[in-house]
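Encoded as structure tokens, the structure appears first; notes follow it.
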Amino acid sequence: MRFLILFLTTLLLLTISLHSKSENSNEIKQLHDQQCSGCHINITDGDGLVIYTRSARMANSLQELESLVKHFADGSDAQWDQTQIQQVTDYLNQNYYGFVEKNE
Ligand code: HEC
């Protein structure tokens, strides 16, 4: 019985943490889509996301990507904090750029 309760509690906690992780990445995507996609869609005349996969990309490293995200976040009136900049950088890197993590 004890074991069963322990097992169910673990399962519950695991489910909660997996769930909140995917909710979190949805939020980051939304944050990006709301504040960044409109303009990129205008420029690219359609699918704004192609701006991240062009053959001549502006961002050629994780550091460059982060400073571009910061640049655009500063330039728009988004007022993102460092965490949001970091999260959107990671989001773009995981989905489009695939740079290797920087060593700190
Ligand atoms: C006012 C319009 C505008 C807004 C808003 C905007 N961007 Fe951009 N973005 C551009 C333009 C224009 C380019 C392409 C510049 C070029 O090709 O010379 C670009 C390019 C980029 C690139 C480089 C893509 C590459 O080539 O690797 C990144 C990264 C980027 N934007 C991120 C963002 C993020 C993150 C946001 C939201 C915080 C954002 N942008 C909001 C206009 C905008």
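Kindly establish whether Glu23 is open to solvent by 90 Å² or more (accessible area, probe 1.4 Å), at pLDDT 90 or above and under 13 Å from the mean Cα position of the chain (by Cα). Before you say what the answer is, go through the steps one by one.
On the way: open to solvent by 90 Å² or more (accessible area, probe 1.4 Å): yes; at pLDDT 90 or above: no; under 13 Å from the mean Cα position of the chain (by Cα): yes.
No.
Among all residue pairs at least 6 apart or on different chains, which show Cβ distances below 7 Å where the first residue, located in the range 42-70, is open to solvent by 80 Å² or more (accessible area, probe 1.4 Å) and the second is more than 9 Å from the ligand (Cβ to nearest atom)?
So the pair list comes out as Gln63/Lys102.
Within the range 76-89, how many residues are modelled with pLDDT of 90 or more and out of contact with any Leu (no Cβ under 9 Å at 6 or more places or on another chain)?
Of the residues in the range 76-89, 5 are modelled with pLDDT of 90 or more and out of contact with any Leu (no Cβ under 9 Å at 6 or more places or on another chain).
Look through Gln94, Gln84, Gln79 and report the one residue that is open to solvent by less than 70 Å² (accessible area, probe 1.4 Å) and polar (S, T, N, Q).
When all the criteria are applied, what remains is Gln84.
The values are calculated or read from the model by the stated rules, or taken from the named source; none is laboratory data. Not measured: the values here are computed from a predicted model. Note: ideal-geometry Cβ built from the backbone for every residue, glycine included; neighbour counts use all protein chains shown. We work out accessible area using only protein heavy atoms, side chains counted, and drop any ligands, DNA or RNA first. Shrake-Rupley method; radii C 1.70, N 1.55, O 1.52, S 1.80 Å.
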